[in-house]
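For reference, the structure discussed in these notes is given below.
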Amino acid sequence: MEEMSPEIEHLISLQRTDREIQRLQLEIAELPKRVAVIEEKLAGTKAGLEKARATIKTDEAARRKYETAITDLRGKISKYRDQSLDVKTNEQYKALLHEIQFAEQEISANEDKILELMVNAEVREKQVKAAEAELKEETAEIEKEKVIARERTAQDEKELTEWNAKRDTARAAVDPDLLRHYDRVLKFRGSGIAEVLDHKCTGCSVKLRPQTFNEVRSGKMIYCDSCQRILYYDPSKEAPVGEAEKTARRRHHPKIDASHAWYYRGDYPDHGEVFLSFSNADGSASRRIYDAASGRRLGDMLIREGAYRQGFPEDLNDSIRLNGNWTDADQDEWGDELPTHVLDVLQRDLDLARAEAAAHHAKETVTAPSSVAS
Ligand SMILES: [Zn+2]
C-alpha cells in the first residue's frame, strides 16, 4: 500500500490546526457576549427595582401629606366647636356648622386617598420583593457565567497557544510556494486542501478526470481544476480485497432496530458534514445534529411523531449508519458540543465504515467489473 507524502501529511495537520485555531478564536470572541446578555437583563431588573422603590417613597410622602391634612382639619373642627359655644346669632351658628361639615367631608376624602395608597403599597411591596429575588438570582447567574467564561477563555487561550505552536511546526515543514497556494485558497474558500473520495474532490464535489485521479493517487501534488484546493488521497482507506473480511469483522455493526442511532451525512443541507443522533421514545423520535469536524451542535433538538425512520426519512438519504450507544441523558449533559472522546469514536467508526464500503466495492469490482459505474 502506498503512503501519503509527508508534505501532504503536514498540510493535513496544518488544516486541522487552522480549523482548531479558528474555532478557538471564535469561541473566545463569543464568550463575553453571553455574559453581556445576562448583564443587560440584570440592568433591566435593577432599573425596575429602583423604579418600584422610588414609587413606594413617593406614595409614603403622599400618605404623610394626607395625614397632616387630616390632623389640621381635626384641629379646625375643634376650634369651630369651641367658637359655636360663644355665638350670638343663629346665622353665625349655621355658618360654623357648615364649616364643620365641610371639614369632615375633607377628612373623609383624605382617608379614602390613604386607603387607596395602602392597597397600592401592598402590590408595590410584592413587586419589590419579586424584583429583589430576581436580582439575586441573576447576580448569582452572572457570577457563575463569568467564572465559566473566564475559565473557558483561559483554557481556550492555552489551547490556542499550543495549536499556534503546532501550526508553526506544520508550516515550517511545507514548501513556501505550496504554502502560499494553500493560504490563498484557504482565504477564499475556507480550506486549502481537500481529500479525494469516490473520485471526487470533497472540497467542491467535482469529479476528477481519471488521469488527475491517478496522479493524485500516486502521490503527485495536484490542485483541483475547479476549486484549486490541494488534493490528496488517503490510501489507508483503500482496503484491498482480502482485507475486506478483516475490516468487516473488526467493525461492530449497529443493530437495525436500536432505539438510539447515529448517522453520518457528508452533504447535509446548509451544514455539509454532520453527525446525526436519533432516539426513539414513547412513540416519538428526537434528532440532534452535530458538525462532523468540530462536534458542535447545530440548532436545537427536534422531536417528531413516530420512530425516527418514519419521523426523519429525509435525513437518512445518503447517510452512513454508525455505532454509538450514548443515552439521551449523556447527550443532555454534553450540551452544545460532543466531547472529544465521542467525536473520536464517531470519526473512527466513520473511517471504518468507509473502508468497509470501499473494500466491499473493491470486491464487487473484481467479481463483476461491469457493474461498477460510480
Ligand atoms: Zn475541488
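The values are calculated or read from the model by the stated rules, or taken from the named source; none is laboratory data. All values derive from a computational prediction rather than experimental measurement. As a convention, Cβ positions derive from the backbone with ideal geometry for all residues, glycine included, and neighbour counts pool all protein chains shown.
For His271, are the conditions met, namely being in contact (Cβ under 8 Å) with a residue 24 or more places away in the chain, under 24 Å from Ile12 (Cβ atoms) and within 22 Å of the chain's Cα centre (by Cα)? Step through it out loud before you land on a result.
On the way: in contact (Cβ under 8 Å) with a residue 24 or more places away in the chain: yes; under 24 Å from Ile12 (Cβ atoms): yes; within 22 Å of the chain's Cα centre (by Cα): yes.
Yes; evaluated as a whole, the condition is true for this residue.
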Filter segment 140-194 for residues that are within 16 Å of the ligand (Cβ to nearest atom) and of a type outside the set (D, E, K, R) and give the result. His181, Tyr182, Val185, Leu186, Phe188, Gly190, Ser191, Gly192, Ile193, Ala194
Checked segment 247-271 for anything farther than 28 Å from Ser205 by Cβ and modelled with pLDDT of 85 or more; matches are His260
Just a yes or no: is a residue in segment 284-303 surrounded by 14 or more Cβ atoms within 10 Å (Cβ to Cβ), part of a helix (DSSP H, G or I) and assigned by TED's automatic domain parsing to the domain that holds Ser259? no
Looking at Glu106, is it out of contact with any Phe, Trp or Tyr (no Cβ under 9 Å at 6 or more places or on another chain) and buried (at least 16 other Cβ atoms within 10 Å of the Cβ)? yes
Inspect segment 88-108 for any residue being out of contact with any helix residue (DSSP H, G or I) (no Cβ under 7 Å at 6 or more places or on another chain) and either among the aliphatic types (A, V, I, L, M) or closer than 30 Å to Glu134 by Cα (or both) and give the result as yes or no. yes
All but one of (1) in contact (Cβ under 8 Å) with a residue 24 or more places away in the chain; (2) of a type in the set (Val, Ile, Thr); (3) over 30 Å from Ile148 (Cβ atoms) hold for Thr71; state the number of the condition that does not hold. (1)
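Among the residues of segment 199-216, is any in contact with a Gly (Cβ under 6 Å, 6 or more places away or on another chain), near the ligand (Cβ under 9 Å from one of its atoms) and under 25 Å from Asp18 (Cβ atoms)? Let's see the steps before the verdict.
Going through segment 199-216, the residues in contact with a Gly (Cβ under 6 Å, 6 or more places away or on another chain) turn out to be none.
The answer is no, given that none of the residues of segment 199-216 is in contact with a Gly (Cβ under 6 Å, 6 or more places away or on another chain), near the ligand (Cβ under 9 Å from one of its atoms) and under 25 Å from Asp18 (Cβ atoms).
Would you tally the residues in segment 31-50 being of a type outside the set (A, V, I, L, M) and surrounded by 16 or more Cβ atoms within 10 Å (Cβ to Cβ)? Talk me through it step by step, then tell me what you get.
First pass over segment 31-50, keeping only residues of a type outside the set (A, V, I, L, M): 32-34, 39-41, 44-46, 48, 50.
Subsequent filtering for residues that are surrounded by 16 or more Cβ atoms within 10 Å (Cβ to Cβ) retains 45, 48.
Final tally of qualifying residues: 2.
Determine, yes or no, whether Asn90 is surrounded by 13 or more Cβ atoms within 10 Å (Cβ to Cβ) and of a type outside the set (A, V, I, L, M). Walk me through how you get there before you give the answer.
Numbers: surrounded by 13 or more Cβ atoms within 10 Å (Cβ to Cβ): no; of a type outside the set (A, V, I, L, M): yes.
Answer is no for this residue.
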Among what's in segment 37-68 and is touching a residue at least 60 places away in the same chain (Cβ under 8 Å) and of a type in the set (Val, Ile, Thr), pick the residue that is farthest from Glu116 (Cα to Cα). Ile38
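Please count how many residues of segment 217-235 are within 14 Å of the ligand (Cβ to nearest atom) and more than 11 Å from Ala194 (Cα to Cα). Spell out the reasoning first.
Within segment 217-235, the first condition is being within 14 Å of the ligand (Cβ to nearest atom), and the residues that meet it are 222-233.
Subsequent filtering for residues that are more than 11 Å from Ala194 (Cα to Cα) retains 225-226.
Residues flagged as within 14 Å of the ligand (Cβ to nearest atom) and more than 11 Å from Ala194 (Cα to Cα) within segment 217-235 amount to 2.
I'd like to check something: does segment 127-139 contain any residue that is in contact (Cβ under 8 Å) with a residue 60 or more places away in the chain, more than 16 Å from the ligand (Cβ to nearest atom), of a type in the set (D, E, K, R) and surrounded by fewer than 17 Cβ atoms within 10 Å (Cβ to Cβ)?
From segment 127-139, those in contact (Cβ under 8 Å) with a residue 60 or more places away in the chain are 127-128, 131-132, 134-135, 138-139; that's our starting set.
Retained after the next criterion (residues that are more than 16 Å from the ligand (Cβ to nearest atom)): 127-128, 131-132, 134-135, 138-139.
Those still in the list that are of a type in the set (D, E, K, R) too: 132, 134, 138.
This time we only want the ones that are surrounded by fewer than 17 Cβ atoms within 10 Å (Cβ to Cβ), so: 132.
For segment 127-139, residues in contact (Cβ under 8 Å) with a residue 60 or more places away in the chain, more than 16 Å from the ligand (Cβ to nearest atom), of a type in the set (D, E, K, R) and surrounded by fewer than 17 Cβ atoms within 10 Å (Cβ to Cβ): present.
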